[in-house]
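**Q** The structure under discussion is supplied below as structure tokens; questions concerning it will follow.
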Amino acid sequence: MAAVLAGDRDAFRLLVERESPSVVRVCYRVLGDLHEAEDAAQEAFVTAFRSLATWRGDGPFGAWVARIALRIAIRASGRRRPVVWIDPTHPETHGEGSRGGASATITAASIASAPAHDPASIALRSERAAAVRDAVANLDEPYREIVALRFFAELSLAEIALESGRPLGTVKTHLHRGLLRLRRTLEAEGAR
């Protein structure tokens, strides 16, 4: 980092090469799409390069860039339009609402019990993961940041405290409250 701060662009290229896989992985966990994750990671490195003067140097460069990438990925996730999946095994759910008397309710249990190789169950699992990512993206701050850093960036609580500049006890409280809010949101969506 000393070489980068001194203006050596090749040194920054080496940092990008070293940190790219983990930054793309963080973005992928939020976005669920490799191309979008790569775009978000690239934007994060550009933002980091432009903001080098604000880097405090009290933590690893990779964690700093991952936090930037996480915020970019969450913003990108929030701009997405929701997709509604139709259960192909229940024809009465096709079209505008349920015309037959029964409705096909797709629950987490029905998704988990479906065969792993079934295309419909793969799509439903993907939709469930997207619902979780969207619910995290819609959490209020600071809960969104803490939950995302913990589960998408896979940082420990101590690393989150260091990276966010918050006391460890505050991080634990925000994580607990964020997870409670996340659970309520997902349960409410499941009831719809």
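**Q** Ignoring ligands, DNA and RNA, what percent of the accessible area of segment 1-42 is carbon or sulfur (1.4 Å)?
**A** 51
**Q** Follow-up. In square angstrom, what is the accessible area per residue of segment 8-70 with a 1.4 angstrom probe?
**A** Per residue, segment 8-70 has an accessible area of 54 Å².
The values are calculated or read from the model by the stated rules, or taken from the named source; none is laboratory data. This is a predicted model, so every value here is computed, not measured. Side chains included, ligands, DNA and RNA excluded: accessible areas come from the protein's heavy atoms. Shrake-Rupley method; radii C 1.70, N 1.55, O 1.52, S 1.80 Å.
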